[in-house]
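Data first, discussion second: the structure below is written as structure tokens.
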Amino acid sequence: SIMKYYNVKSKYNSLSELDSLLNKKYKNVVFLILDCVGTNIIENNLNKNSILRKNLVTNVTTVFPPATAAATTAIHSGLSPYESGWIGGMPYFKEYNKAIVLFTGNDFYTGEKVIEKPENNILKYETIYEKIVKHNKNIKYHQCFPNFQENGSNTFEELCEKIKQSCHNNEKNIVSAYWDEPDHTIHHTGTNSQEVKEVLKNIDDNLKKLSQELDNTIIIITADHGATDLKEIYINEIKEIDDCLSFPPNIESRFVNFFIKDGMKEQFVKALENNFKDKYILYTKEEFLNSGLLGKGTPHKRINDYFGDYIVIMTGDLSIRYITEEIKKVHLADHSGITKEEMIVPLI
């Protein structure tokens with residue numbers, strides 16, 4: 001819909017609810033992603049008079065997997081994970097025999113640097129904003145992100161101030177904004193904690209203030225995914241499963257890729273059933289790649305190489321981790337499975 005508004009072609013359909021709101025020609029278009037603000041998160045933690053709930057237009061599904069690397073890339077690129085190659089947080093790279101964190105280029109299990117940031121080289125893509133500016137010479141593009149980027153914001157209040165500054169000029173502006181909360185807080189305290197309520201209230205209060213300080217501006221807000229409360233299972237503590245693995249599990253905690261030792265596939269399938277009965281969907285590599293879950297389009301050249309023998313998608317209240325010296329975090333909530341809590345996100 002945003003590409004359509006700026007007369008840039010997309011192979012995908014626009015969203016009629018947003019098209020009708022964009023009928024008015026705005027000076028400023030602000031597109032904000034709030035990490036992990038799934039519809040269930042705002043409904044359970046904010047009152048009906050909050051700006052986020054009051055301005056809810058409709059709900060949509062995010063891409064699969066509902067995880068930050070896959071979903072934010074889909075939003076910024078206008079491509080499915082199948083097309084972009086951004087299929088999750090830490091997929092397997094066969095040339096290094098490592099699970100690499102896509103946002104950093106580091107080995108997920110050791111933390112060591114393996115490659116430069118994939119977004120700058122092997123998984124580079126053209127953003128929708130680059131396309132928009134290329135086709136609209138009169139549009140000025142701004143990016144407002146947290147402090148992991150140069151000149152990023154330390155607080156949400158600071159982020160809103162930078163959005164405001166980006167709009168207060170004589171130009172027509174498009175602003176891409178992203179905030180990494182309440183994702184972090186939800187992982188560590190659960191989906192309905194007091195801490196999450198406080199983080200969301202702060203976001204809501206600052207958005208209300210921002211909206212009062214802007215004229216001739218539409219602020220479009222969505223999330224990359226929601227989350228669900230769960231219990232972590234540590235695979236290397238389950239011997240009958242761990243004995244089958246030729247490489248630690250990778251991609252995400254609820255969308256999990258497994259490489260199996262020769263002759264151990266039957267034992268692996270039985271061990272999954274013994275431990276996770278009725279809480280997962282099991283695919284062979286071929287079944288998963290034919291499922292369409294990663295989206296449509298021409299597959300990225302890396303898609304086939306990412307996957308091992310089996311893919312497990314969690315449908316219940318468990319997530320799969322592999323504990324090492326570096327990885328001991330306990331998450332009380334997570335995402336990347338295929339429940340409605342993880343998949344349904346708001347358009348605000």
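In a fully extended conformation the segment linking Asn170 and Phe148 would gain 5.0 nm over its present Cα-Cα distance, using 0.36 nm per residue. Working from Cα pairs under 8 Å separated by at least six residues, relative contact order for region 1-82 is 18 percent. Tally the DSSP beta bridges in the chain and give the antiparallel ones as a percent, rounded to 5. If we restrict to bridges inside the chain, about 50 percent are antiparallel.
The calculated FRET efficiency for Lys279 paired with Asn23, based on their beta-carbon distance and R0 = 41 Å, is about 0.35.
Within the same chain, lysines fewer than 8 places from Lys117 are excluded, and of the rest, those with a Cα less than 21 Å from its Cα are Lys94, Lys98, Lys301. The chymotrypsin sites (Phe, Trp or Tyr not before Pro) of region 42-135 that meet both conditions, a loop assignment by DSSP and at most 12 other Cβ atoms within 10 Å of the site Cβ, are Tyr96. Remark: region 205-221, residue by residue, has Karplus-estimated 3J(HN,Hα) of 4, 5, 5, 4, 4, 4, 5, 7, 9, 10, 10, 6, 9, 10, 9, 9, 10 Hz, where x stands for each Gly or Pro and the curve is 6.51 cos²θ - 1.76 cosθ + 1.60 at θ = phi - 60°.
With 28 Å as the limit on Cα-Cα distance, the pairs of Lys9/Lys340; Lys113/Lys164; Lys9/Lys172; Lys164/Lys197 that go past it are Lys9/Lys340; Lys113/Lys164. Packing here is the average count of other Cβ atoms within 10 Å per residue, and on that basis the peptides 247-253, 193-199, highest first, run 247-253, 193-199. Placing pseudo-labels 7 Å out from each Cα toward the beta carbon at Ile218 and Glu232 gives an inter-label distance of 4.1 nm.
The angle between the Cα long axis of helix 156-167 and the longest principal axis of the Cα atoms of the chain comes to about 50 degrees, rounded to the nearest 10. Taking every DSSP bridge with both residues inside region 195-348, close to 80 percent are antiparallel.
Counting Lys and Arg as +1 and Asp and Glu as -1 over every other residue whose Cβ lies under 11 Å from the Cβ of Gln165, the net charge comes to -1.
The residue list Ile186, Leu230, Asn216 was ranked by how far each Cα lies along the charge dipole of region 131-257 toward its positive end, using unit charges on Cβ atoms, and Asn216 comes out on top.
Each listed q (0.12, 0.13 Å⁻¹) maps to a log10 I(q)/I(0) for region 183-275, found by the Debye formula over equal Cα scatterers with no solvent: -0.62, -0.67. Counting Lys and Arg as +1 and Asp and Glu as -1 over every other residue whose Cβ lies under 11 Å from the Cβ of Ser84, the net charge comes to -1. As a fraction of the 1.4 Å probe accessible area of region 170-315, surface on carbon and sulfur atoms comes out at 45 percent. Coordinate range of the alpha-carbon atoms in region 277-348 per principal axis, descending: 39, 37, 27 Å. If the Kirkwood radius is taken over C-alpha pairs of region 139-207, then at 10 °C and 1.306 mPa s the Stokes-Einstein diffusion coefficient equals 121 µm²/s.
For the cross-link pairs Lys54/Lys277; Lys54/Lys124; Lys231/Lys270; Lys11/Lys201, which exceed 32 Å when the distance is taken from alpha carbon to alpha carbon? Among Lys54/Lys277; Lys54/Lys124; Lys231/Lys270; Lys11/Lys201, the Cα-Cα distance tops 32 Å for Lys54/Lys277; Lys54/Lys124; Lys11/Lys201. Relative to the 2.2 N^0.38 Å rule of thumb, region 21-87 has a C-alpha radius of gyration ratio of 1.31. Counting only the Cα atoms, the chain fills a convex hull of 136 Å³ per residue. Compared with the rule-of-thumb size 2.2 N^0.38 Å for a compact globular protein, region 210-348 has a Cα radius of gyration ratio of 1.27. Full-extension gain between Asn97 and Ser10, please, as 0.36 nm times their residue separation minus the C-alpha to C-alpha distance. Gain in length upon complete extension: 27.8 nm. Under a model in which nothing but the beta-carbon of Lys, Arg (+1) and Asp, Glu (-1) is charged, the chain shows a dipole of about 1460 debye around its Cα centre. Between region 86-128 and region 280-344, what is the separation of their alpha carbon centroids in Å? Using only Cα atoms, the two centres lie 16 Å from each other.
The values are calculated or read from the model by the stated rules, or taken from the named source; none is laboratory data. As the structure is a computational prediction, the values presented were derived from the model and not from experiment. Neighbour counts run over all protein chains shown; Cβ positions are idealised from the backbone, glycine included. Side chains included, ligands, DNA and RNA excluded: accessible areas come from the protein's heavy atoms. Shrake-Rupley method; radii C 1.70, N 1.55, O 1.52, S 1.80 Å.
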